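J.: If you scroll down you'll find the structure; I have some questions about it.
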Amino acid sequence: MNFNLPKEVIEIIAKFKKQNFEIYVVGGAVRDILMGHIVYDWDFTTDAQPSEILTIYPDGFYDNSFGTVGVSFENLDRPFEITTFRTEHGYSDNRRPDKVIWGKTLEEDLKRRDFTINAMAYDGKKIIDLYGGQKDLNNKLIRAVGDPNERFNEDALRMMRAVRIGGELNFEIEEKTLEAIKINSTLINKIAKERIKDELFKILKSSNPYKGIVLLKDTGLMQEILPELMKCFGVGQKSPQRHHIYDVGNHLLMSLKECKSPDPVTRFATLIHDIGKPQTYKKLDSGIITFYNHEMVSTKIAINIADRLRFSAKEKGKFVKLIRFHQFTVDEHQTDSAIRRFLRNIGLENVEDMLALRVADRLGGGARETSWRLEEFKKRLFEVQKQPFSIKDLKINGKDVMEILKIPSGPKVGEILEKIFNEVVEKNLPNERKVLLKSITVLVQ
Ligand code: ATP
Ligand code: MG
């Protein structure tokens, strides 16, 4: 079989063969070639030892914990990774082989790989497919290599990988493999949270995050990694005069399905925006169900989740804001300063994603995509930003505030200036120095 390979790949294969080494493209790259996808990560496996690989590519970077040599090319973003055949022995902690041993043959190396579609090799001329990978590829199936039970016991992350790759490729998980995930789901707790987060974000980034998340739920993995979300299923919210057609959990899933933002943090926030509802559920005598203050409880849970899954500070900041403020009002009687406060709370850079969450929330609850109020609100978001006037343009400044009130510099000064600024924007005060100086004392009374 001939594929259109980059010239660097052809060069690597030729150089190794010239030295009488075996060399193969392997893993996800072969899967992607066969599917006609663009290959981002080129992985190779060879019978050459790392020191021998380095004689062929002296500038290669050797990472001795994995026995991998990275080779960079000028016009390629990512280095190629060349790894000596490996076999792995003993997984006493369900996550790391106790020792990695060089293998002697390609067969051994393919046998340790996770799924049949990831366990094929290509030598530049033909595909080596020992486990029926091509058949599973054609049938869109994720199937463990060998006994799925054993494989998930060796390395529990493979269960998340099955769900993730299934979601990314829109494949189903083969029956026995799926069954084994259900049986072994609690083993995922042995895996480092960073790695779980990594897989979870890949699920969320994929073209069908809904499918991946439903799979997490159905396999029991959600119960382990997001137990707070599992609690939302079965919590009803249908009540007189309310539009809700789903229980909380299914509303959250449907919201994710409708989320138009490609950002995994926004998608995640959309998925859990009501996660505090089970704790705030109240059914009044009238039959009406309320979730008073649920956004604050959801925020607390979001902070826990972000910490538990080791979000970066930036990811956590955005995640928490989107959830904390998801109930923002879009009332046509809001003042400009209320809209400005909203923008400050959310951060300009997050406004678009906050709106994406709102639209997803509406659609995921069976409402129309937008309302005239939401459209008005969006217009006003732009209008208040267009106003060229800022605090700097006031005819008084922080020094005036400090002198008149005899207070030192600090957040208080900014707060007072902001109050005066809002009064000027709302046209309650003219931007005249004399008037504003007077207003300083009035405002703190
Ligand atoms: P992607 O690059 O899209 O994440 P991939 O299948 O290439 O998908 P990698 O993490 O790049 O995944 O791993 C490369 C190859 O290494 C896989 O195709 C698979 O053959 C093997 N592999 C990776 N992780 C595991 C694992 N936990 N257990 C067994 N084999 C694995
Ligand atoms: Mg890869």
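The values are calculated or read from the model by the stated rules, or taken from the named source; none is laboratory data. Quantities reported herein were computed from a predicted structural model and do not represent experimental measurements. Note: ideal-geometry Cβ built from the backbone for every residue, glycine included; neighbour counts use all protein chains shown. What goes into the accessible areas is simple: the full protein's heavy atoms, side chains included, and nothing from ligands, DNA or RNA. Shrake-Rupley method; radii C 1.70, N 1.55, O 1.52, S 1.80 Å.
J.: Name the one entry in Thr270, Thr299 that is under 15 Å from Ala360 (Cβ atoms) and either surrounded by fewer than 17 Cβ atoms within 10 Å (Cβ to Cβ) or of a type in the set (S, T, N, Q) (or both).
T.: Thr270
J.: Inside the stretch 406-445, can you point out the residues that are of a type in the set (Ser, Thr, Tyr) and open to solvent by 50 Å² or more (accessible area, probe 1.4 Å)?
T.: Ser409, Thr441 - these are the residues of the stretch 406-445 that are of a type in the set (Ser, Thr, Tyr) and open to solvent by 50 Å² or more (accessible area, probe 1.4 Å).
J.: If you don't mind, there's one more thing I want to ask. So in the stretch 2-27, with the set limited to residues that are surrounded by 19 or more Cβ atoms within 10 Å (Cβ to Cβ) and under 28 Å from Asn170 (Cβ atoms), which one is farthest from ligand 1 (Cβ to nearest atom)?
T.: Val9
J.: Within the stretch 164-198, count every residue that is open to solvent by 10 Å² or more (accessible area, probe 1.4 Å) and either free of Cβ contacts under 8 Å to residues at least 12 places away in the same chain or within 16 Å of ligand 2 (Cβ to nearest atom) (or both).
T.: Matching residues across the stretch 164-198 total 6.
J.: Take the stretch 225-266 and flag every residue that is closer than 15 Å to Pro209 by Cα and in a loop (DSSP other than H, G, I, E, B).
T.: Matches in the stretch 225-266: Cys259, Lys260, Ser261, Pro262, Asp263.
J.: Residues in the stretch 273-285: is at least one farther than 19 Å from Lys231 by Cα and without any contact (Cβ under 8 Å) to a residue 40 or more places away in the chain?
T.: So far as the stretch 273-285 goes, yes, one or more of its residues are farther than 19 Å from Lys231 by Cα and without any contact (Cβ under 8 Å) to a residue 40 or more places away in the chain.
J.: Scan the stretch 304-345 residue by residue and report those that are without any contact (Cβ under 8 Å) to a residue 40 or more places away in the chain, of a type in the set (A, V, I, L, M) and not in a helix (DSSP H, G or I).
T.: Hits for the stretch 304-345: nothing passes.
J.: While we're here: Could you tell me which residue of the stretch 28-64 is nearest to ligand 2 (Cβ to nearest atom), considering only residues that are under 19 Å from Leu76 (Cα atoms) and surrounded by 23 or more Cβ atoms within 10 Å (Cβ to Cβ)?
T.: Residue satisfying both the conditions and the ranking: Ala29.
J.: Given the criterion closer than 25 Å to Ile165 by Cβ, assigned by TED's automatic domain parsing to the domain that holds Val359 and open to solvent by 30 Å² or more (accessible area, probe 1.4 Å), identify the matching residue among Lys205, Lys260, Lys316, Lys238.
T.: Step by step, each of Lys205, Lys260, Lys316, Lys238 is checked, and only Lys260 is closer than 25 Å to Ile165 by Cβ, assigned by TED's automatic domain parsing to the domain that holds Val359 and open to solvent by 30 Å² or more (accessible area, probe 1.4 Å).
J.: So, in the stretch 129-146, how many residues would count as being within 12 Å of Arg113 (Cα to Cα) and not in a helix (DSSP H, G or I)?
T.: The total comes to 6.
J.: Kindly indicate the residue of the stretch 380-402 that is among the basic types (Lys, Arg) and surrounded by 10 or more Cβ atoms within 10 Å (Cβ to Cβ) and also farthest from Leu348 (Cα to Cα) among those meeting that condition.
T.: By that ranking, first place goes to Lys399.
J.: Can you name every residue in the stretch 118-151 that is in contact (Cβ under 8 Å) with a residue 40 or more places away in the chain and over 22 Å from Ile82 (Cα atoms)?
T.: Scanning the stretch 118-151 gives Gln134, Leu137.
J.: Going by the structure shown, is Asp109 touching a Lys or Arg at 6+ places or on another chain (Cβ under 7 Å) and part of a helix (DSSP H, G or I)?
T.: Here the answer is yes, as Asp109 does meet what is asked.
J.: Over 24 Å from Ala156 (Cα atoms) and modelled with pLDDT under 95, is that true of Asn2?
T.: The answer is yes for Asn2.
J.: Please enumerate the residues belonging to the stretch 28-41 that are more than 24 Å from the chain's Cα centre (by Cα) and either more than 11 Å from ligand 1 (Cβ to nearest atom) or assigned to a loop (DSSP other than H, G, I, E, B) (or both).
T.: Ile33, Leu34, Met35, Gly36
J.: Can you name the residue in the stretch 65-76 that is more than 16 Å from ligand 2 (Cβ to nearest atom) and of a type in the set (S, T, N, Q) and is also nearest to Asn4 (Cα to Cα) among such residues?
T.: Looking at residues that are more than 16 Å from ligand 2 (Cβ to nearest atom) and of a type in the set (S, T, N, Q), I get Asn75.
J.: Quick one: in the stretch 72-100, which of the residues that are out of contact with any helix residue (DSSP H, G or I) (no Cβ under 9 Å at 6 or more places or on another chain) and assigned to a strand (DSSP E or B) is modelled with the highest pLDDT?
T.: Here the residue is Glu81.
J.: Going by the structure shown, is Ile275 part of a loop (DSSP other than H, G, I, E, B) and crowded, with 21+ Cβ neighbours inside 10 Å?
T.: When the stated conditions are applied, Ile275 passes them.
J.: Show the residue pairs meeting these rules: Cβ distance below 7 Å; 6+ apart or different chains; first residue within the stretch 420-445 and part of a helix (DSSP H, G or I); second residue among the β-branched types (Val, Ile, Thr) and surrounded by fewer than 18 Cβ atoms within 10 Å (Cβ to Cβ).
T.: Phe421/Ile391; Leu437/Ile404; Ile440/Ile404; Thr441/Ile404
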